[in-house]
Every structure is written in C-alpha cells, then in structure tokens.
Amino acid sequence: MYNKKSVDLSEFADANIISDWAKPSLQWAVSIGIIKGNRSGKLNPLDYITRAEVAAILMRFTENYI
C-alpha cells in the first residue's frame, strides 16, 4: 500500500510549477490513483483544494485501501 512508485508528473500540463518538496507525495498519490488531475490535464498545485476535490480523494483512498 505505501510502496513508493515513481510516476512521471510531466504528463500534467503544470508539472513545472510543482514544488520540489511536494513532488514525492504527488508522485505517490498519482501512482496509486487517488489524485488524477483535472479535465484540463493539470494538478493545479498552487490553487486551494475544493471540498469536492477532498471528497473525491478521500473516496478513492477509502474504496481502495480501507
């Protein structure tokens, strides 16, 4: 469950603005499918997260890992 898989974040249009400290966590979350990006192919790492996005992340995590 907590294996660190390396995922290429460059598939997301805004990968170049992801902070270095956040990349390992985002790579993990993308690799296990709890973060998928938006319809525009972006992660929007500088934006605030919405309630709907939090709900989707929690739902994906609990459905697959709890």
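The values are calculated or read from the model by the stated rules, or taken from the named source; none is laboratory data. All of these numbers come straight from a predicted model, not from anything done at the bench. So basically every Cβ, Gly included, is an ideal-geometry build from the backbone, and we count neighbours across all protein chains shown.
Given the criteria surrounded by 12 or more Cβ atoms within 10 Å (Cβ to Cβ), of a type in the set (Asp, Glu) and free of Cβ contacts under 8 Å to residues at least 40 places away in the same chain, does Asp14 qualify? Please lay out each step first, then the result.
Working: surrounded by 12 or more Cβ atoms within 10 Å (Cβ to Cβ): yes; of a type in the set (Asp, Glu): yes; free of Cβ contacts under 8 Å to residues at least 40 places away in the same chain: yes.
In short, yes.
Pull up the range 9-66, narrow it to residues that are part of a helix (DSSP H, G or I) and small (Gly, Ala, Ser), then point me to the one that is nearest to the chain's Cα centre (by Cα).
Applying the filter and picking the extreme gives Ala29.
List the residue pairs whose Cβ atoms are under 7 Å apart, where the first residue sits in the range 46-66 and is at pLDDT 95 or above, the second is assigned to a helix (DSSP H, G or I), and the two are 6 or more positions apart or on different chains.
Once the first residue is at pLDDT 95 or above and sits in the range 46-66, its partners that are assigned to a helix (DSSP H, G or I) give Leu46/Ile17.
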